[in-house]
Amino acid sequence: MSLCRYLPTPSDRMGVIWTLLSVKGAVVLEYGPAGTTHFSVSMYGQMGVEPNQSLFTTHLSEDDIIMGDVTRLEEAVREIDKGYHPEVIFVVSSSVTSIIGADIKGVCNYMEQETGARLIPVDTGGFKGDYSLGMREGYNLLVKSFATEAVERKKAVYNVLGASGCDYRMRSDLWELRSLMQEGFSYTEHATPGMDSSVAALKELGAAEVNLVLREEALEAAEYLEKTYGTPYVYGAPYGYEGTLCWLKKVSDVTGVPVNPELLAKLQRKKRDTASYKMYASMYAHKENRPQAVIVGDVSRIRGFSEVLEEVGIPVTLKISNHSLAGFEAGDIIKPAKEKEKISLLKEKTYSLVFGDEISLYLCDESCEKVVTSFPLIRSKQIAEHMPFIGIRGMDYLLEAVDRYYGKL
Amino acid sequence: MNGAEIISRLKCLGDVNSTKDIRQLTAALFPGAHCPLMGAMMAVGGIEDAVLLVIGTDECTYYTKKATIGGFSFKGIDNRCFSVVLDHHDVTFGCREKLMEAFEELMEEAAPKAVFLVTTCVLEVTGDDVDSMAEELQTQYQIPVLPVHTEHFKTANHIPGVRDTVTACISMMEPVSMEQVNHKRVNVIGQRLGKFEETQLYDVLVKHGIEIGMMLPGGTTLEAVRQAAAARVNIVVNELGLPLAKKMQVQFGTPYVMFDKYAAPEHVLQAYKELMGYLKIDMEEELETMYQECVQMAEEAKKTLSGMKYVYGNTALSCYEYNAFMVSMGMEPLLIQTNEYPGEDDPYVKYILEKYNPYVTKSANIAPLQYVYDELKPNLYLGHEYESRLRAKKIVLVHDSNLSSMLGFDVSKAVIAELVRAAKEAKILAAGEGELR
């Protein structure tokens, strides 16, 4: 990428920090210049992550860089340990300390002798990849560093893996997920690493009967839990009525618990009611502006929204990932190498139903029906925690957008 | 945390020899200070037809662009802030190739009249020679390309970013002959907060037919910057404007007057007199009236302020001048938060030390301050803090947000009035007469 006109892709360091910040009882200590920490706070706030005595920075001076002096880091670790008594301190390197090769692993090793807190070095300086990689590292770290001991299996309990504050309306999605699991199986949530968890809950991740994996970035963590504790997992989120039915059946197959028939009946009714949307799609297919959709977002959500649009018969003609596709089975999802290319792809779309972030929506023609489905937000705020994209309520909401879209064609 | 232990690590003002002696309250900070990149962004935002091109990591560029979309005079998504994002390849092999390619795109799409090329921490560590790249680009595209270095590890906060961006503007200024100097025009340098047009000084100047030329970084155009040397005098309203003013004095012979937000009435009077001398405006009588009004107000205030103990944070005023003024009012500084030490010869430092020897610490680290209050037991806090948290410890917050758009005797009057209000409230709190709000 050369010239960047809008927002660049957040780095692996940003992804790992916002994943780790969610752990209650833990502190994230950044070893780097303070400005980045100060700047980042508003972004975490937008995601619904409020660092309350859980994020600190050491700052750095020129002398520290030239002399490789880690005294500042040592003092900060001691202070946090003594002053806040966290169970864990994640010591995260910065771009500067990565470049100079500061040995934060070594510091954590010898400092741990004198601290009550466990010290976990996170050597992600922002140059290995983008936030998707950082989140992958974050989930692995949370699962593999804590879920190490034998635990007793708890009945009717699940974990959610791959939930993240970086997904717009994730709190709403989790609310819907809880509702589906409760109504469908009478299951309750145990922990959601990367969103809602504590050190104690992470240590007991192996107690769940099933892991629900929302993002591909958390698959490795799910596989680890399956190998270590024999916990099965279900990958994918319940998008659309049909998708929700399939997802519930998958969960039922894995847990051996039948889905509540009332919930199934409700979903079947909803599914029948959407038949008219498929009919609209075929009717409008002969018009000058044929129905088509554009999705910009993270791979997992693009797949989910694609299922929704397939259910209503609207072809998705452009799928743009916000993060790198390395390690993903991308299919027809693309990640333009240059921002210019992405801008041009979006600008040429007219009369489309567009799901995406507010910058991508801004770039699309006014004839499009635009639905905010991902960060970054520019004009709006995320407040509601009861407006999901998944499950029954999610599909209800998205159908309203589809309806508005047909009104524009 | 233990407040006494935190305090034991600090130095007192009398023991400080250089800025490096001013220690942080704690090694772990939250949220920490803003970086000079933010300062550069704020300054370029004030030059309405200039472009900001940040060269940095995804993080630095992301946060800068995000901030400009929300404000800082950039306005909207398609604004004047662009970036070149560094990856591991650029760290190893240098950013030249990527910068040249990006600049070509920038020229094609935005055709800027001037570009501020702002480097960040990583480039300053790897040692990429962005200054020579800027020269090359300037020659190639025939527009001013001004490098500004904003590595945070050399500075305490964002102010050097504003200062260096403002200072870099000198290369765009065009020399003028003596005859071309407009004796009825002034430049204003260093107005980083508030609007100059709302100040008492502005009213006085306009009343006497003086026109305002370049206002850096308060809001100007490239054309005004080019014509800056035609002003009779530069008014430096914050010390961040001093390097530019000094350079303009050497290069163009433009004199300058230091006219900060002074708390002490005599300093305001002195600044007015010096400025009016350059502009050949006779307002001796008018100034004396305004001055005497402030002096009387200060004398009256001493009765309430005497004996008040305070902790000083970051305010819109000049740190040491304001503290010296409060000492002159009989107040006692317990702890001063500052990122700079002006030297032992500084008259304000000398004045403070004649009576007190307060602790000093770096600013922007309010979390551990809570424990310090328990030890020092101040009556007042000046700067950014949570008012309710302070009140729970019987400390009253002295507000200063209305001072941003003030310059002149209105600053003295507002400061005295607010200190008196806060001191009265503190006395009521200390007497255990309950919560006022």
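The values are calculated or read from the model by the stated rules, or taken from the named source; none is laboratory data. Computed from a predicted structure; not experimentally measured. Here the Cβ positions follow ideal geometry from the backbone for every residue, glycine too, while neighbour counts run over all protein chains shown. These accessible areas exclude ligands, DNA and RNA; they are computed on the full protein's heavy atoms, side chains included. Shrake-Rupley method; radii C 1.70, N 1.55, O 1.52, S 1.80 Å.
How many residues are in a helix (DSSP H, G or I) and either open to solvent by 90 Å² or more (accessible area, probe 1.4 Å) or more than 15 Å from A:I392 (Cβ to Cβ) (or both) if we restrict to the stretch A:252-267?
Qualifying residue count for the region: 6.
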Q) Taking the stated definitions as given, is A:A218 assigned to a loop (DSSP other than H, G, I, E, B), open to solvent by less than 10 Å² (accessible area, probe 1.4 Å), among the hydrophobic types (A, V, I, L, M, F, W, C) and more than 30 Å from A:I100 (Cβ to Cβ)? A) no
Q. Can you tell me which residues in the stretch B:347-369 are in a loop (DSSP other than H, G, I, E, B), more than 14 Å from chain A (Cβ to nearest Cβ) and open to solvent by less than 30 Å² (accessible area, probe 1.4 Å)?
A. B:P358
(Q) Exactly one of these conditions fails for B:M331: (1) under 19 Å from the mean Cα position of the chain (by Cα); (2) hydrophobic (A, V, I, L, M, F, W, C); (3) under 15 Å from B:V398 (Cα atoms). Give me its number. (A) (1)
Q: Have a look at B:V411, B:V372, B:V398 and point out the one that is surrounded by 21 or more Cβ atoms within 10 Å (Cβ to Cβ) and in contact with a strand residue (DSSP E or B) (Cβ under 6 Å, 6 or more places away or on another chain).
A: B:V398
Q.
Against the definition (assigned by TED's automatic domain parsing to the domain that holds A:V28, more than 27 Å from the chain's Cα centre (by Cα) and under 30 Å from B:T19 (Cα atoms)), how does A:H85 come out, yes or no?
A. no
Q: Can you give me the ranges of the helices (runs of 4 or more DSSP H) entirely in the stretch A:337-409 with at least 2 residues that are touching a Cys at 6+ places or on another chain (Cβ under 9 Å) and surrounded by fewer than 22 Cβ atoms within 10 Å (Cβ to Cβ)?
A: A:339-347
Q: Select from the stretch B:130-166 the residues that are under 16 Å from the mean Cα position of the chain (by Cα), under 15 Å from B:I47 (Cα atoms) and open to solvent by 10 Å² or more (accessible area, probe 1.4 Å) and list them in ascending order.
A: B:R163, B:D164
Q) Taking strands (runs of 3 or more DSSP E) that do not extend beyond the stretch B:161-269, which have at least 3 residues that are among the hydrophobic types (A, V, I, L, M, F, W, C)? A) B:182-189, B:211-216, B:231-236
Q. Can you name the condition, by its number, that A:S40 falls short on among (1) within 7 Å of chain B (Cβ to nearest Cβ); (2) open to solvent by 20 Å² or more (accessible area, probe 1.4 Å)?
A. (2)
Q. Just checking, how many residues over the stretch B:30-56 are outside any helix (DSSP H, G or I), within 7 Å of chain A (Cβ to nearest Cβ) and open to solvent by less than 10 Å² (accessible area, probe 1.4 Å)?
A. 1
Q. Among the residues of the stretch B:80-94, is there at least one that is within 13 Å of A:G126 (Cα to Cα), of a type in the set (S, T, Y), in a helix (DSSP H, G or I) and without any contact (Cβ under 8 Å) to a residue 40 or more places away in the chain?
A. no
Q: Please work out which residue is nearest to A:A34 (Cα to Cα), limiting yourself to the stretch A:70-106 and to residues that are β-branched (V, I, T) and either open to solvent by 10 Å² or more (accessible area, probe 1.4 Å) or in contact with a Ser or Thr (Cβ under 8 Å, 6 or more places away or on another chain) (or both).
A: A:V92
